[in-house]
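Peer 1: The structure's right below; bear with me while I get my questions together.
The values are calculated or read from the model by the stated rules, or taken from the named source; none is laboratory data. This structure is a prediction, so every number in the text was calculated from the model and none was measured. Here the Cβ positions follow ideal geometry from the backbone for every residue, glycine too, while neighbour counts run over all protein chains shown. What goes into the accessible areas is simple: the full protein's heavy atoms, side chains included, and nothing from ligands, DNA or RNA. Shrake-Rupley method; radii C 1.70, N 1.55, O 1.52, S 1.80 Å.
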Amino acid sequence: MGQTPSIPRDPSRALEIIDMGYSRTATMSFAMAFEEILDGPAMHGGTQMFNREDAYCRNISLLYKYKREGDRERLLKTLKEVIGGFVGCSDCPMIHFLPELMELYPEAKVVLVTRDPARWWDSFSVFGDADIKTPWSKWAFELFMAPVPGARWFPSIAAGFDEDLERTHGLTKQDKGFLDKHNAWVRQQVPKEKLLEMDLAAGWEPLCKFLNKPVPNKPFPRANDREARDKFIRQKVIQAGAIWITIFSATVVAGHGLSRFWKRSCC
């Protein structure tokens, strides 16, 4: 967890808790809390997308493709492959598949982490990086990341984020009132007896009581998901740059060799 993605080792473990708090509501901290309470791996979406192997990231991308196409059978099958063995999950992409997760794991409970909407927007509006979502920047980012395993699927996954926003909320971008809209939608989807709403500062007790687990004798986890994301981006930009330098260098060397061969052949 954190910079290292949790990977399930026991596929028989079923999903027990879904964090439906939107991005910038301590999603990484709650994923770490799930692991502590339930003694099993939790899927923090950002950590998985940014650090897992290429095939796993491709499957995440396929989730949005199948939902877009209305292919429910392949959507549920792939979702089970992506989430199988995790005891908890938080953050995108799983928050975009709540109805499907509830269908696959009817015993799972849902926690909705709330936050002051104004403070959330101050944090998210920077985190969202709207200035890099122009058509040109999207195309450039997709091209730049194309040779990087895992990261090459992120542009299509990010497009899925936008599709879900429009499909679920009828919006093309988040605004200051979006957190309330998202939270209201979650309340409509989840039976009251399976939903816990809690504040960021509430600590262990509400969550442990909800899951019928003892309170750990340690502080509640505190993690900075923006810091983790920024570190990932720096790493992947460096990796992509190195790959492109190798590609260009190989092209130049190959071109020079072909040129010399051509000159010798013509003489």
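Peer 1: Which one is modelled with the highest pLDDT among residues in the stretch 103-120 that are in a helix (DSSP H, G or I) and open to solvent by 50 Å² or more (accessible area, probe 1.4 Å)? Outline the logic, then answer.
Peer 2: Restricting attention to the stretch 103-120, the residues satisfying the condition of being in a helix (DSSP H, G or I) are 103-104, 117-120.
Next, from what is left, pick out any that are open to solvent by 50 Å² or more (accessible area, probe 1.4 Å): 103, 118-119.
Values: Glu103: 98, Ala118: 92, Arg119: 90.
Filtering the stretch 103-120 for residues that are in a helix (DSSP H, G or I) and open to solvent by 50 Å² or more (accessible area, probe 1.4 Å), the one modelled with the highest pLDDT comes out as Glu103.
Peer 1: Are any residues in the stretch 1-25 surrounded by fewer than 22 Cβ atoms within 10 Å (Cβ to Cβ), touching a helix residue (DSSP H, G or I) at 6+ places or on another chain (Cβ under 9 Å) and of a type in the set (Ser, Thr, Tyr), and if so, which ones?
Peer 2: Thr4 - this is the single residue of the stretch 1-25 that is surrounded by fewer than 22 Cβ atoms within 10 Å (Cβ to Cβ), touching a helix residue (DSSP H, G or I) at 6+ places or on another chain (Cβ under 9 Å) and of a type in the set (Ser, Thr, Tyr).
Peer 1: Can you tell me which of (1) more than 19 Å from Val190 (Cβ to Cβ); (2) open to solvent by 10 Å² or more (accessible area, probe 1.4 Å); (3) in a helix (DSSP H, G or I); (4) not aromatic (Phe, Trp, Tyr) is the one Ile60 doesn't meet?
Peer 2: Among (1) more than 19 Å from Val190 (Cβ to Cβ); (2) open to solvent by 10 Å² or more (accessible area, probe 1.4 Å); (3) in a helix (DSSP H, G or I); (4) not aromatic (Phe, Trp, Tyr), Ile60 violates only (2).
Peer 1: Here's something else I'd like to know. Tell me the residue from Arg229, Arg264 that is among the charged types (D, E, K, R), surrounded by 10 or more Cβ atoms within 10 Å (Cβ to Cβ) and modelled with pLDDT under 90, please. I'd like the intermediate steps shown before the answer.
Peer 2: Values: Arg264 fails: surrounded by 10 or more Cβ atoms within 10 Å (Cβ to Cβ).
Only one candidate qualifies: Arg229.
Peer 1: Further question: Would you please list the contacts, defined by Cβ atoms under 8 Å and residues six or more apart or on different chains, that run from a residue in the stretch 69-82 that is free of Cβ contacts under 8 Å to residues at least 24 places away in the same chain to a residue that is surrounded by 20 or more Cβ atoms within 10 Å (Cβ to Cβ) and assigned to a helix (DSSP H, G or I)?
Peer 2: These pairs meet every condition: Arg74/Leu62; Thr78/Leu62; Thr78/Leu63.
Peer 1: Does Glu107 fit the bill of being over 17 Å from Gly46 (Cα atoms), without any contact (Cβ under 8 Å) to a residue 40 or more places away in the chain and among the acidic types (Asp, Glu)?
Peer 2: Values: over 17 Å from Gly46 (Cα atoms): yes; without any contact (Cβ under 8 Å) to a residue 40 or more places away in the chain: no; among the acidic types (Asp, Glu): yes.
In short, no.
Peer 1: If only one of Met49, Met28 is part of a helix (DSSP H, G or I), in contact with a Cys (Cβ under 9 Å, 6 or more places away or on another chain) and either of a type in the set (Ser, Thr, Tyr) or open to solvent by less than 40 Å² (accessible area, probe 1.4 Å) (or both), which one is it?
Peer 2: On the way: Met28 fails: in contact with a Cys (Cβ under 9 Å, 6 or more places away or on another chain).
Every option except Met49 fails the conditions.
Peer 1: Right, another one. Within the stretch 64-83, identify whether any single residue is over 23 Å from Met28 (Cα atoms), open to solvent by 10 Å² or more (accessible area, probe 1.4 Å) and not in a helix (DSSP H, G or I), and answer yes or no.
Peer 2: yes
Peer 1: Output the residues belonging to the stretch 53-106 that are in contact with an Asp or Glu (Cβ under 7 Å, 6 or more places away or on another chain), closer than 19 Å to Ser156 by Cβ and of a type in the set (Ser, Thr, Tyr).
Peer 2: Tyr64
Matching residues to (1) more than 22 Å from Pro214 (Cα to Cα); (2) modelled with pLDDT under 95; (3) of a type outside the set (A, V, I, L, M):
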position: Gln3; (1), (2), (3): yes, yes, yes
position: Pro8; (1), (2), (3): yes, no, yes
position: Glu16; (1), (2), (3): no, no, yes
position: Gly21; (1), (2), (3): yes, no, yes
position: Arg24; (1), (2), (3): yes, yes, yes
position: Met28; (1), (2), (3): no, yes, no
position: Met32; (1), (2), (3): no, no, no
position: Glu36; (1), (2), (3): no, no, yes
position: Met43; (1), (2), (3): no, no, no
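Peer 1: For the stretch 159-203, give me the residue count where each residue is open to solvent by 30 Å² or more (accessible area, probe 1.4 Å), among the charged types (D, E, K, R) and in a helix (DSSP H, G or I).
Peer 2: Count: 10.
Peer 1: Return a yes/no flag: does the stretch 143-150 have any residue that is at pLDDT below 95, over 23 Å from Leu62 (Cβ atoms) and under 20 Å from the mean Cα position of the chain (by Cα).
Peer 2: In the first step, residues of the stretch 143-150 are kept if they are at pLDDT below 95; the result is 143-150.
From what is left, the residues that are over 23 Å from Leu62 (Cβ atoms) are none.
Scanning the stretch 143-150, I find no residue that is at pLDDT below 95, over 23 Å from Leu62 (Cβ atoms) and under 20 Å from the mean Cα position of the chain (by Cα), so the answer is no.
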